[in-house]
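The values are calculated or read from the model by the stated rules, or taken from the named source; none is laboratory data. Bear in mind that the values here come from a model prediction, so they are computed numbers and not experimental data. Glycine gets a Cβ as well: all are built from the backbone with ideal geometry, and neighbour counts include every protein chain shown.
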Amino acid sequence: MKLSLFSVQDHYPDGARTVPQLYKQVIDQAILAEDLGYAAFFSAEHHFHPYGVVPNPTALLCAIAQRTTRIRLGTAISILTFHNPRTAAEIFAMADILSDGRFVLGAGSGYLKHEFEGFDVDPAEKRDRFDECLAIVERLLAGERVTCHAKFSRLDAVKLNVEPIQRPVPLYVAILRKEAAYHVGLQGRGLLTVPYGSLDHVDEIGSLVSEYRRGRTDAGNESFALPQALGDNVVCLHTHVAETDAAARKEASGPFNLYVETRLYAKKMVYDDILRSGIHLFGSVETVTKRLCALADMGVDHVMTMQNFGNMAPADVTNSMRLLAERVMPQVRQRQASRSLRGVA
């Protein structure tokens, strides 16, 4: 199982932490993630509300790229519905170059009402806009000279003059519901999902991954070109590891409930709600180890952990990051290896 760090960059204007201070925290935590062996760091894109204060995640990733050498750096997600495909492809190509070929494109269509209003985009058009933009971005990143007269874009023999190092750039498409998982697999793309936003119980993650893998199988595995270091599916979970379940509650419940208040339109599960759902990685080393092993049994390849949320104290964030990397993951790998040996026997 692979592990990465993710940040929404939720901001609280009435609090003591400024946006520049938040950026510095996130960059420092991404650097620490590399030191601890996390596979990737992902940044969200959000607009016009404190729920997320990074409108251009590739800019943040490029800053982190200059202070790291190994960790992969991804968008989770780039909201292509709002972007010109030419500009988006150019920015992604630059990010891949500046990171020495470590860029990962996580893309999605968006869901927040105020963002569609801010960009003056009709939400009813979001699927068509996203599909069209992504198809053009993929062609441009592949080095193609693109002529395309589509519904929202018109390109006549357009070719990037700055091209990415990776061919192809790793691509993960974000979904919320099981029905979309099959189609992402069928299209030969990686899967990225935030089950907190749409599922009711952790057990539903398994059926979502199964549907994705069914699409993969129907498409034929040769259509996939995703990094082994990242896996084919990425599942995002709020995470906080402490010495005991009680300590995790003490440190994470307040920040998590504060974070929930910023979510605006999505369903809101406070700390006790999310504990009951199981859609989390909150608890002691042993509790989180068991949860990760259960996710691996469901077919989850890669867990993208959100550990800095709700203006949590930086020391609590970094302590959780260390416990997860240094004490939880060795146990997860050991138990997975033991299960594999028993299966062979």
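Observations on the model:
- Leu5 being of a type outside the set (Phe, Trp, Tyr), under 29 Å from Gln334 (Cα atoms) and crowded, with 22+ Cβ neighbours inside 10 Å: yes
- The residue that is surrounded by the most Cβ atoms within 10 Å (Cβ to Cβ), counting only those in segment 130-178 that are among the acidic types (Asp, Glu) and in contact with a Lys or Arg (Cβ under 8 Å, 6 or more places away or on another chain), is Glu132.
- Neighbours by Cβ (under 8 Å, 6+ apart or cross-chain): first from segment 16-41, over 22 Å from Asp232 (Cα atoms) and at pLDDT below 95; second hydroxyl-bearing (Ser, Thr, Tyr) and surrounded by fewer than 13 Cβ atoms within 10 Å (Cβ to Cβ): none
- When residues of segment 311-345 are limited to those that are among the small types (Gly, Ala, Ser) and surrounded by fewer than 21 Cβ atoms within 10 Å (Cβ to Cβ), the one modelled with the lowest pLDDT: Ala345
- Whenever a residue of segment 159-177 is farther than 22 Å from Leu237 by Cβ, its partners that are in a loop (DSSP other than H, G, I, E, B) and at pLDDT below 95, lying with C-beta atoms within less than 6 angstrom and at least six residues away or across chains, give the pairs Pro168/Ala225.
- Residues (surrounded by fewer than 20 Cβ atoms within 10 Å (Cβ to Cβ) and touching a residue at least 40 places away in the same chain (Cβ under 8 Å)) located in segment 179-197: Gly197
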